[in-house]
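**Q** Below is one structure. I have some questions about it.
Each reported figure results from applying straightforward, stated rules to the coordinates on display, with no laboratory input. No experiment lies behind these values; they were computed from the predicted model shown. Please note: Cβ atoms are built from the backbone with ideal geometry, for glycine as well, and neighbour counts cover all protein chains shown.
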Amino acid sequence: MNKIKKLVAQEVRRQREGLVMIASENYCPQEILDLVGSPLSNKYSEGYPGKRYYSGNQFIDEIEFLACTEALKMFGLSDKKWHANVQPHSGSSANLAVYLGLLKPGDKILGMDLSQGGHLTHGSPVNFSGKLFNFVHYGVDKKTEKLDYKEIEKIALKEKPKMIVCGATAYSREISFAKFSAIAKKCNALLLADIAHIAGLVVADEHPSPFPYADVVTSTTHKTLGGPRSAFIICKNELAKEIDKAIFPGLQGGPLENMIAAKAACFMEAQTPRFKKIQQQTILNAVSLAETLSKNGLRTVSGGTDNHLLLLDLRNLEINGRDAANILAEAGIYTNANTIPFDPATPFKPSGLRVGTAALSTRGMKEKEMKLIGLWIAEILKKPKDTKLRTRIKQEVIDLTKKFPIY
Ligand code: DSN
């Protein structure tokens, strides 16, 4: 027990003294983390509120019902048209439930290619999605490095998929759910919007909403949403039965009610003015970081960002994405290696580096800090052999983080 406690303390210190810039990470508030660690973890509650397979669920029912209500409320939705399922343990199981609930194995689905910014569960051949379903893919335009809706429409009309998946993990530009919906309607496909990365921005009205355009929306709760590590699904009422059945008993057994309580709290927090300010600042910070990096000779894919992340193309430097992430981590700056669209390198040592601003914005950092951090990143990447530079910057990073306390 002591050994694990010591390791946890070391990890918390790493998070506190480091600059978390992995675009899918954030700092969940301690009060919400306390719910994750609550005795709700002890309870079995297979089924749904009011229809459980175990006794003693009177309070759990209220908690799960509240989580569903708040999930709809944060997107301004009414239960007259929309249904929330807050039981998925992760974004992957949420997506799997949508595919299995609404389609048959082997059906054709059109999604964004992982190597161009999509997600593993959008049909990668090494993932269940690509193994069980017949995925075809769209990407970005080679010149603009942005989604080309005319081209996506062309592919959709040719392939006639049963479902179109929109949403991305490494795409820094606005996604038009309205345009995706028009394409899906033209080929009679269902539209799934996986908004895991941008959910917080959507709730705060800083990115266009997938509602009412998508038939189903999946999301994780720990990225820009800043909550516990989990997920949820919102679908049109007419699809609710299939979605619920696909989650339980289709894919999962007992829901994690401790996580569901934490999700309810996260959804309530997301409706506060404080949360909206953080989302606004997240975008301002990403734009400021992209500008600083660009002024210092680093190329951003698509020329900038509209959201919480940017993708750096490192091909003009003498370093690949993996080594770049590793040397930045030596200085306490955490990012991740990522393929860039049409990457000539391998996915293991790709040419890109994905950088996000959600976690630093939660800590209260603003443009002034982004300029400083942008300079540090540029300096380190331009001098990958300079270990002394990284030691110096690591100390400066620790000094900076002390001004923005967390945990
Ligand atoms: N792996 C996550 C990311 O980093 O974007 C998505 O699930």
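**Q** Rank 38, 302, 129 by mean-square fluctuation in a GNM of the chain with C-alpha springs under 10 angstrom and give only the top-ranked residue.
**A** 38
**Q** Another question, if that's okay. Indicate the gyration tensor shape class of the chain (rounded, prolate or oblate), computed on the Cα atoms with a ≥ b ≥ c the square roots of the eigenvalues: a/c under 1.5 is rounded; otherwise a/b larger than b/c is prolate and the rest oblate.
**A** Values: a/c = 1.89, a/b = 1.23, b/c = 1.54.
Oblate is the answer for the chain, as a/c is 1.5 or above yet b/c matches or exceeds a/b.
**Q** Moving on. Within 10 Å, count the other beta carbons around each residue, average over each peptide in 46-52, 329-335, and list them highest first. Walk me through the numbers before you get to the answer.
**A** Values: 46-52: 15.1, 329-335: 19.6.
Going from most to least packed, we get 329-335, 46-52.
**Q** Please list the non-local residues whose amide H lies under 5 Å from the amide H of residue 190, H modeled 1.01 Å from N, same-chain partners needing a gap of 5 or more.
**A** Under 5 Å from the amide H of residue 190: 163, 164.
**Q** Determine the alpha carbon to alpha carbon distance for each of 81/158; 295/382; 80/104; 162/223; 150/186 and list only those over 24 Å.
**A** The answer is 81/158; 80/104; 162/223.
**Q** Now a separate question. Determine the distance separating the Cα centre of the range 185-236 from the Cα centre of the range 42-79; give it in Å without decimals.
**A** 20
**Q** Provide the net charge surrounding residue 401, with neighbours chosen by a C-beta distance below 13 Å and charges set as Lys +1, Arg +1, Asp -1, Glu -1.
**A** Details: positive: 13, 14, 16, 363, 394, 402, 403; negative: 17, 369, 396, 399.
Once positives and negatives cancel, what remains is +3.
**Q** Among the listed pairs 142/276; 154/245; 73/245; 179/371, which are separated by more than 25 Å between their Cα atoms?
**A** Checking Cα-Cα distances, 142/276; 154/245; 179/371 exceed 25 Å.
**Q** Then there is this: Can you list the lysines whose alpha carbon is less than 18 Å from that of residue 43, not counting same-chain residues fewer than 8 positions off?
**A** 51, 263
**Q** As a check on your grasp of the helix formula, calculate [θ] at 222 nm for the chain: sum -39500 (n - 2.57) over DSSP H runs of n ≥ 4, divide by the residue count, round to the nearest 500.
**A** Details: 15 runs with 172 residues, N = 407.
Result for the chain, helices only: -13000 deg cm²/dmol.
**Q** Would you tally the net charge around residue 107, using a Cβ to Cβ cut-off of less than 12 Å, leaving residue 107 out, and scoring K and R as +1, D and E as -1?
**A** +3
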